[in-house]
Amino acid sequence: MPRNCVNVAVLVSGGGTNLQALIDAENSGIIKSGKIKLVISNKADAYALERAKKASIKTAVVSKSELGQNGMEEKITDLLTENKIDIIVLAGFMCILTADFTKKYDKRIINVHPSLIPSFCGEGFYGLRVHEAALKKGVKVTGATVHFVNEIPDGGEIILQKAVTIPENSTPESLQKRVMKLAEWKILPRALELVSNNILKEGK
Ligand code: GAR
């Protein structure tokens, strides 16, 4: 029988506002082809875990500092297999995944990045640092990108982008909030629905 939903895992490290946007989009029907089954954090104290628990989503903590890169990826792989996960969303997940891992999930991992790729992206550009760099450069427009994840940090195929103007006197913190609200929380749910729906249509 054809499936009507794919299983989604969300990987997080911090506050989890993007995770919250996904949970809300699932509840409101914006996401209808995917169901969030599992939230994995590399930080035991990530507030994102509380958000998952409140939404009755299964959680797991996989610490890179305890397990090392390979151990962390092995544990994540086991959890994804056990929970029959089809799609992985990196929503503020602050660890880079190796080529060995990303190759196993070709076109099955998506990431949200807080700039218009190819600006302000790649290794070292994450969280507030991205907005600091945009303000330092003096760009007048920034935004967010959702892309597939491959072995190149922030280098995979772009799925959706949304531009955001930068008001005068912005701080990294005010710009981060603006980009999240006007771009990330909108395009991440839409991109997840697009990718999930395509997988269902392909019948994979
Ligand atoms: C978001 O702005 C996300 O785009 C960024 O970290 C923040 C996480 O916030 N991700 C990266 O910089 C990845 N390169 P959240 O935990 O509230 O979703």
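The values are calculated or read from the model by the stated rules, or taken from the named source; none is laboratory data. Note that the structure is a prediction, hence the values are computed from the model and not measured. Here the Cβ is made from the backbone with ideal geometry for all residues, glycine too, and neighbour counts use every protein chain on show. Note: areas computed on protein heavy atoms with side chains; ligands, DNA, RNA excluded. Shrake-Rupley method; radii C 1.70, N 1.55, O 1.52, S 1.80 Å.
Estimated at the nearest 10 Å², the accessible area of H147 is 0 Å² with a 1.4 Å probe.
For the chain, just run the numbers: alpha carbon Rg, then divide by 2.2 N^0.38 Å, N being how many residues it has.
With N residues counted in the chain, Rg over 2.2 N^0.38 Å equals 0.98.
Over the chain, DSSP H runs of length four or greater, each weighted -39,500 (n - 2.57), average out per residue to a 222 nm ellipticity of -12000 deg cm²/dmol. Relative contact order of the chain: 24 percent, from C-alpha pairs under 8 Å at least 6 residues apart in sequence. Residues considered: A91, A144, A55. Largest GNM mean-square fluctuation over the chain, using C-alpha springs under 10 Å, is found at A55. Amide H to amide H distances under 5 Å link G143 with L116, V164, where only residues 5 or more positions off or on other chains count and H is placed in the peptide plane.
For the listed residue pairs K136/K186; K136/K181; K54/K177; K54/K140, the alpha carbons are over 29 angstrom apart in K54/K140. Model label sites at A55 and L128, defined 7 Å from Cα along the beta-carbon direction, differ in position by 2.6 nm. Accessible area per residue was computed with a 1.4 Å probe on protein heavy atoms; I76 scores about 0 Å². Apolar share of the accessible surface for the chain: 52 percent from carbon plus sulfur atoms, 1.4 Å probe.
Candidate cross-link partners of K75 among the lysines, defined by an alpha-carbon separation under 18 Å and a same-chain spacing of 8 or more, comprise K37, K43, K58, K64, K84, K103, K104. Averaging the Cα positions of each part gives two centres, and for the stretch 109-148 and the stretch 2-19 these lie 21 Å apart.
Residue-wise HN-Hα couplings along the stretch 130-146, as the Karplus relation 6.51 cos²θ - 1.76 cosθ + 1.60 with θ = phi - 60° gives them from phi, are 5, 6, 4, 5, 5, 5, 4, 6, x, 5, 9, 9, 10, x, 9, 9, 10 Hz; Gly and Pro carry x.
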